[in-house]
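Notes follow the structure.
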Amino acid sequence: MAQHIETGKKGEQLAANWLQQHGYTILHSNWRYQHYELDIVATRDDLLHFIEVKTRTSLDFGMPEEGVTRLKIRHLIKAGAAYQYQYPGWKRVQYNILSILLVDQQPPEYFFIEDIYV
């Protein structure tokens, strides 16, 4: 398996654990609609969260959150709308980014950006 795929899978598992430790309930991981994907769908305090997880193992290309482009955010919003169509009833929704940096032999660094919107 390609290294970036393994890094992404590890990052999504770390993200799920981190979110649960911070009071989130995970509803879905890697939820798909057509060619769009929601990395994590979670709830906390009657709020539905669509969470994009971005993981990197070095800073060669910048911080992980810098890899979430406007196009990726638009896709996230479209996938979120499709999710809400299939699972109606949520009055409050939020889009977030969870950035994870995994550098050799150091604990993961998490940076959570709440309520993004373009």
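Derivation of every value follows stated rules applied to the coordinates shown; laboratory data play no part. Bear in mind that the values here come from a model prediction, so they are computed numbers and not experimental data. No Cβ is skipped: glycine too gets one built from the backbone with ideal geometry, and neighbour counts run over all protein chains shown.
State the antiparallel share, in %, of DSSP beta bridges confined to segment 3-113, rounding to the nearest 5.
65 percent
Expressed as an acute angle from 0 to 90° and rounded to the nearest 10, what is the orientation of the C-alpha long axis of helix 3-21 relative to the principal long axis of the chain?
Helix 3-21 sits at roughly 60 degrees to that axis.
Under Stokes-Einstein, with the Kirkwood radius over Cα pairs standing in for Rh, what whole-number D in µm²/s applies to segment 1-42 at 20 °C and 1.002 mPa s?
194 µm²/s
Just to check I understand the Karplus step: with θ = phi - 60° and J = 6.51 cos²θ - 1.76 cosθ + 1.60, what whole-Hz values come out for segment 54-64, glycine and proline as x?
10, 10, 9, 10, 7, 9, 4, 10, x, 5, x
When the distances between all Cα atoms of the chain are binned every 5 Å from zero, what whole-number percent does each bin get?
Bin by bin from 0 Å, the calculated values are 2, 11, 23, 24, 21, 12, 5, 2, 0.
Out of the chymotrypsin sites (Phe, Trp or Tyr not before Pro) in segment 33-118, which ones are loop residues according to DSSP with at most 10 other C-beta atoms within 10 Å?
The qualifying sites are Phe61, Tyr117.
Would you mind checking Lys10/Lys54; Lys54/Lys91; Lys54/Lys78 for any pair whose Cα atoms are more than 22 angstrom apart?
Lys54/Lys91
Just how large is the dipole of the chain about the Cα centre, in debye to the nearest 20, putting +1 at every Lys and Arg Cβ and -1 at every Asp and Glu Cβ?
The calculated dipole for the chain is roughly 440 debye.
For the chain, the longest stretch holding no trypsin sites (Lys or Arg not before Pro) located in a DSSP loop with at most 13 other Cβ atoms within 10 Å is which?
Looking at the chain, 1-90 is the longest stretch - no exposed trypsin sites (Lys or Arg not before Pro) with at most 13 other Cβ atoms within 10 Å.
Rounding to the nearest 10 and keeping the result within 0 to 90°, find how far the Cα-based axis of helix 70-86 lies from the longest principal axis of the chain.
40 degrees
Using the basic label-point model (7 angstrom from Cα toward the beta carbon), what is the Arg44 to Lys9 distance in nanometres?
Reported label-point gap for Arg44 and Lys9 is 2.7 nm.
Between the alpha-carbon centers of segment 39-58 and segment 100-115, tell me the distance in whole angstrom.
13 Å
Mind sorting Ser58, Ser29, Ser99 by how few other Cβ atoms lie within 10 Å of their own Cβ, fewest first?
With the fewest neighbours first, Ser58, Ser29, Ser99 line up as Ser58, Ser29, Ser99.
Search the structure for amide H atoms under 5 Å from the amide H of Glu52, placed 1.01 Å from N in the peptide plane, and list their residues when 5 or more places away or on another chain.
Close amide H contacts, sequence-distant or interchain: Asn96, Ile97, Leu98.
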